[in-house]
Every structure is written in structure tokens, then in C-alpha cells.
2 protein chains.
Amino acid sequence: MRLSDGRELIYFDAAARPGRDAADQRGLPPATADCELRYDPLLRAWVMYAAHRQDRSFLPTAADCPLCPSAGGRRTEIPAGDYEVVVFENRYPALLGWANQHARAGELLAARPAAGRCEVICFTSDHEASFADLGPVRARLVTEALVDRTTELAALPGVAQVYCFENRGQEIGVTQPHPHGQIYAYPFVSPRTSQLLRSARAHARRTGRNLFDDVIAAERADGTRLVRSGRHWVAFVPHAARWPYEVHCYPLRRVPDLASLVPAERTELADFQLDLLGRFGRLFAAPAPYVCGWHQAPTRTGRRDFALHLELFTVRRSDDKLKYLAGSESGMDAFTNDVLPERAAARLRELGR
Amino acid sequence: MRLSDGRELIYFDAAARPGRDAADQRGLPPATADCELRYDPLLRAWVMYAAHRQDRSFLPTAADCPLCPSAGGRRTEIPAGDYEVVVFENRYPALLGWANQHARAGELLAARPAAGRCEVICFTSDHEASFADLGPVRARLVTEALVDRTTELAALPGVAQVYCFENRGQEIGVTQPHPHGQIYAYPFVSPRTSQLLRSARAHARRTGRNLFDDVIAAERADGTRLVRSGRHWVAFVPHAARWPYEVHCYPLRRVPDLASLVPAERTELADFQLDLLGRFGRLFAAPAPYVCGWHQAPTRTGRRDFALHLELFTVRRSDDKLKYLAGSESGMDAFTNDVLPERAAARLRELGR
């Protein structure tokens, strides 16, 4: 369905539900956004500009939450009186619309419209819950919604990569406490993914093997940083983790994206996510703020080399200290980490249930 | 001189001063540190581990500040009763000592001792001051100290790059409010610098010209993002700035490092720094937190291609909002910026005095 300003909204339910045809009664003016992409010729990366985002609502109370269902006379982003999982276009997108302009990466001051799409995914209508509370059925439904969105968005013209992620906690700048994630359909391959693919290609040239396969095999053989091993997935703190507590989670069968996972892999993924987020919730006196990203291959390139994986990390390094990105990290991309990966892994293993 | 735990300390004075032979009376146990470097084969970057840094002192009051001079019976990191500029080895270094091991970058789980050195530079003995308050003579003395340290550290075995920077403000994680900067002698070329040099080499192959020269020429010709132009230096908000307020400052004569600057260039650099930091101080209701980095060429590679420059940015985007690096930035290195560079430059121009 469409919201009153024209944005798309999609309900995902485990079974058919009534009330999904409720209309958005808010009569919002048409959604507009002032998005632009610019190319940095020194770092060879696109930067997204979105001046309208300065006006985003900030940490609303539950009574004003735009991500709760519409109920009791209150009208939110979701017209239905309840929902399981719902996805809609972000009201304050960093990317919007479609353009046929190509990257003019050779030019020094290149700019183009920030084509692409930013969506919000609400994991539950319960304002007070978190992903770790969802339970296996709902977590699996979230995966199905992400598969659907990735497939739909990848088919749109100009989308180079789809990235799904959850930011959780005020400490990393979350402006909406309601449990939700985001989906970015980038019109470029992200700098991080480009680097991973460059590394994979260099490794393949040198060894004839896949870098992700070899890293996973090395971590499993070493064993000291494993957090959990399953039938289909393995989770470990990487040997050279950048963050105080950081876990990477790979399927044992290399696939490019979420849509390529078979049902048994999807079910175990939900189980791993709930388990790992539960451990992060017990690391400190209060649940750790975190970023959880579903890293998928670009839509058109590198699909044979890339390995779908989950990256989960927290910026919290102790009950009362955060890891900040200051001079060395922000200026030089040279990370310092005060927590040894083996110690982080041992701690996360202890926190299993 | 040496502090009581063996760390080196160096005074920099505009003229000879008494009391520089005062001994450290604290009788500290020998400095030890547990530093390690690990290589990330996916991101092709070294990460620094320093478990002992978890115990750093955090936001001491002026009465307990370890960076104030030793006076009134209180003993600090600086034995003298006063100082102008002083540099000493960091008590909680991320890099320490010398090893002859080479980077085993081809190995998947490569680690080595974190050879290198981390120094602290105090800009003034005045606990309440900031760099913007130093005045031209002191700011120039700071530059001379950085030139000295860069030259000395670059000559040590295994040092691949020297990076000088100042972190300012609790919002970016500063643990010591006393005005000071840091000097990192890395045993590797930083990922950021490696990327800049890759970009420069690709540009040179394509055009036969230097990328930094061309970017500076393009910014000067465009003019809309210039903040200040001088006889020897130019300061602008980059066309694709990542941070809400970000200024890059280049000498008009391309040089690889601070030591290559002639006296007139050093004097104007001090003037530019004081001016730009003053503008950052007036951007918001309270002085903006910032990172200021002096980007220099590696000690042995890329010296002909690289251009010394200063990068200054703040994470503050309005009086009550910060820019956080969440899912897209931390996970994908894909930055969103809510402040257009032309608007940031216009605002910074208005704030000149």
C-alpha cells in the first residue's frame, strides 16, 4: 500500500491478518527529499548528502512513537492497529528515486542525484521489545522480509548493492528506540564491499582459493575465537577485530545473499541472531548498544567471490566506557582495540544459555 | 630526559629556560605495555591491540591532571614547574618498542609485536586553554616540535609513517581535557594513506598529473567551498566532505611532510590553524569537539606523490546533535552527511575575524 505522501508500505505476516487495508489518515504532503551523491576522488568513494535529515524526530516517547501501530486515535507511520513485521520507505531518506546518470568517477568534483532507496523495517509492534526478544518464528519472518526486500530492490534500475542493518542504542546515535532496522539500496558498491572484493580477488590470484572460505577454515581450525558452531553457521570474533566485542557469522556454505539461503539455513540464522544478541544483551550492566549488518554481495558484480555474512559489534568496552573513533581511526582508518579477540570470544562463550 | 619509568620526555622552549633538569620524583615502576598488531586479511589493514589501555585515567579534574606541570607538591607526568611545549612517551601506548619482524600480510591470521611509538604533546601548561588560544608564537613552536618529532621518529627502524593529531572534546572520547595532541609512529602505512596513494597513482597513470595538485586547483577554481586563501596555504571544505563541518588545509607548494615547509610556510600554517580552530570554536553554542590531523607522507614510500595537509573536522552537526557513525558508515564506509559542503563553507567564512 501507499502512505498518504506516496511512500510504499508492505506488511509481512506469518498468516493472513485483517486490517492490512487500513488507509493512512494523516494527509501528509507529498514526500520530498534533497538527496545528492558526491564522489571523493581521493578516497574513491561516494558520499550521500541529505540536508532534510537535520529535521528528523529525536528519541520520541512511546506515546509519540511513529513506528508503533496506529491505535487509540493516534496516527503513526503504520496505519494498521497492529502488525507483525512491516517495511516502509524512510520519511528522511539518504537515497531516493531513480536516475539514469552513471558514476562519473573520473571527474574531480563529480556529483549526481542520490538515486536509490532507504526503507525502515519494524521487527515488532511492541515498542519496549528488542530483536533479542523476538523469538524464532518472528526472527525468521524478519529474514523473509529482508529476502523479499533485497530481491525487489536489487531488481530496480541502478541499485548496485542492498544492505540491511540494525542500529540499536542511543550510544550509536539511534533516534527511534522502537525495535527496527534499515534497508539501504545503494546506487554504488560500498567502499567496504569494494575492499573485501579486491582482497578476495588478490587472494584468488595468489592461491586459487576463495578468501572467505580460507578465513573461515582458519578460524575454525584455530578455534580460540569461536563463539558458536552450528550445523549450517559459524560465529566467531575475527582474529583482527576492530571493536571491543565483534562477531562475524557465516553460513558454512558460501552464498552471495540472503535469498540464496535454503530454509534450514534461514531457520538456524534466526536462532544464531537471537542467541548472539542475547549474549550482547548480557555483556554489561545494561544491554550493549550495537550495529548488526547483513553483508550481501553487490547486485551485479563479485557475486561468485563474496560470502554473505552477518557482522555484529558494540562500541561499549566496559560498563562505563565506550570505544570512540578519534584521531587514529577517523583520520587514518587505523584502529586500536583494548579488548583482545580471544578474551572477547571467551566472554561471549560464557554468556551462552 | 627520562621519566622515572624510563619513558623519554623532551621540552621545547622558545628560549632557554631554567628547571628543565628537574627529575621525576614519582618512582614509577618500569613502563610495560602489552601491544600487538594483527592483520585483517579481508580489509588488508593492521589493527593495534593494547589491553593495558582499559585502565587509562578518565577525565581527571585540574587538581589531578597528569599533563599539568609538577607544582605545589603535586607530581605529574612533567617534572618541571612550568613548560611551554613538552613531548613525552604515552604511558598507555597503542604502539611500543622495536621489532625486526616484517609484516606477514599474506598470512590469514598474522600477528606481530606492535612496534612503534606513541607520544603525547602538551601545547601549553594552562589546563583551561585550547589550541585556538595559543597565539602565533606558541602555535609555531608546536609546529617546530612536531617537525622535530616527525624527523626523529621517521629515522627509527621500522617506522613507516608518523601521524600527528589532536582530539578535542568529550564527544569524541577525549580522556584528558588538558590541551594536548598525540604523535603516532606507525610500523605500517595507514589504510587511509594507502588509499590516497593508490588514488594518486591511478590519477597519474590516467592523466600524467598529481591528484592532490588537481584537486586543489579544482577547489580554487570552483571557489564555493573555500574558507580561506593565503599566500602559502589554502583551506576549503572538500567537495565530498564526510563530516558536518570539515576543512582540509594544503600548502600551495606540494611537500611530503612538515619538515619540508620553509619558515614562511610554517608561520602561515600556525596562523591558519589558530584561525580555523577559532571558527570551529564559534560554530555552536559551545566550542565544537574536533579531530585535527596533520597528514604526512610515509617515511619511505609515496613521498613524491603525497601532499602534506591538515584535516580538521567536528562530529557536531548542530547545537544539540552529533553525527554518529552507525550502520552505513561503520559497516560499509558509506557516509551520509546532513550538511552540504557549500553551506558549511559559507558558515565558516562568516565566522572569520
Considering only residues that are part of a loop (DSSP other than H, G, I, E, B) and facing another protein chain (nearest Cβ under 8 Å), look in the stretch B:167-179 and name the one that is modelled with the highest pLDDT.
B:174
Which condition number in (1) part of a strand (DSSP E or B); (2) more than 18 Å from the chain's Cα centre (by Cα); (3) closer than 20 Å to residue A:142 by Cα is the one that residue A:228 fails?
(3)
Within the group A:327, A:293, A:352, which residue is open to solvent by less than 10 Å² (accessible area, probe 1.4 Å) and modelled with pLDDT under 95?
A:327
Hey, can you tell me all the residues within the stretch B:216-244 that are open to solvent by less than 10 Å² (accessible area, probe 1.4 Å), within 12 Å of chain A (Cβ to nearest Cβ) and of a type in the set (Val, Ile, Thr)?
B:237
Residue check, residue A:186 at pLDDT 95 or above and closer than 20 Å to residue A:314 by Cβ
no
Is it the case, given these coordinates, that residue B:233 is among the aromatic types (Phe, Trp, Tyr) and farther than 18 Å from residue A:43 by Cα?
yes
Single residue of the stretch A:180-212 satisfying the filter (more than 9 Å from every other protein chain (Cβ to nearest Cβ) and under 13 Å from the mean Cα position of the chain (by Cα)) that is surrounded by the fewest Cβ atoms within 10 Å (Cβ to Cβ)
A:180
Out of (1) in contact (Cβ under 8 Å) with a residue 40 or more places away in the chain; (2) surrounded by 19 or more Cβ atoms within 10 Å (Cβ to Cβ), the one residue A:129 does not meet is (2)
Of the residues that make up the stretch A:151-173, is at least one β-branched (Val, Ile, Thr) and under 30 Å from residue A:322 (Cα atoms)?
yes
Tally up the residues in the stretch B:312-345 that are over 19 Å from residue B:290 (Cβ atoms), without any contact (Cβ under 8 Å) to a residue 60 or more places away in the chain and more than 8 Å from chain A (Cβ to nearest Cβ), please.
0
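Rundown of residues vs (1) crowded, with 22+ Cβ neighbours inside 10 Å; (2) closer than 24 Å to residue B:180 by Cβ; (3) modelled with pLDDT under 90, yes/no style:
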position	(1), (2), (3)
B:64	no, yes, yes
B:78	yes, yes, no
B:104	no, no, yes
B:113	no, no, yes
I'd like to check something: does the stretch B:137-150 contain any residue that is at pLDDT below 95 and surrounded by fewer than 20 Cβ atoms within 10 Å (Cβ to Cβ)?
no
Hey, residue B:56 in the same structural domain as residue B:120 (by TED's automatic domain parsing), modelled with pLDDT of 90 or more and either among the acidic types (Asp, Glu) or open to solvent by 20 Å² or more (accessible area, probe 1.4 Å) (or both) or not
no
Could you say which residue among B:33, B:14 is open to solvent by 60 Å² or more (accessible area, probe 1.4 Å) and in contact with a Leu (Cβ under 6 Å, 6 or more places away or on another chain)?
B:14
In the set A:315, A:262, A:247, which member is out of contact with any Ser or Thr (no Cβ under 7 Å at 6 or more places or on another chain), surrounded by fewer than 23 Cβ atoms within 10 Å (Cβ to Cβ) and of a type in the set (Val, Ile, Thr)?
A:262
Here is a list of conditions, (1) modelled with pLDDT of 90 or more; (2) out of contact with any helix residue (DSSP H, G or I) (no Cβ under 7 Å at 6 or more places or on another chain); (3) closer than 22 Å to residue B:126 by Cα, and residue B:12 meets all of them except one; can you say which number that is?
(2)
Looking at (1) assigned to a loop (DSSP other than H, G, I, E, B); (2) open to solvent by 30 Å² or more (accessible area, probe 1.4 Å); (3) at pLDDT 95 or above, find the lone condition where residue B:92 falls short.
(3)
Would you call residue A:117 of a type outside the set (Phe, Trp, Tyr), free of Cβ contacts under 8 Å to residues at least 24 places away in the same chain and either farther than 30 Å from residue B:217 by Cβ or surrounded by 20 or more Cβ atoms within 10 Å (Cβ to Cβ) (or both)?
no
Which of the strands (runs of 3 or more DSSP E) found entirely inside the stretch B:6-69 contain at least 3 residues meeting this: out of contact with any Asp or Glu (no Cβ under 7 Å at 6 or more places or on another chain) and within 23 Å of residue A:243 (Cβ to Cβ)?
B:35-40
For the stretch A:230-244, name all the residues that are touching a Ser or Thr at 6+ places or on another chain (Cβ under 7 Å) and aliphatic (A, V, I, L, M).
none
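The values are calculated or read from the model by the stated rules, or taken from the named source; none is laboratory data. Note that the coordinates shown come from a computational prediction; the quantities given were computed from them, not determined experimentally. Glycine gets a Cβ as well: all are built from the backbone with ideal geometry, and neighbour counts include every protein chain shown. When the accessible area is computed, the model is the full protein with side chains, heavy atoms only, and any ligands, DNA or RNA have been set aside. Shrake-Rupley method; radii C 1.70, N 1.55, O 1.52, S 1.80 Å.
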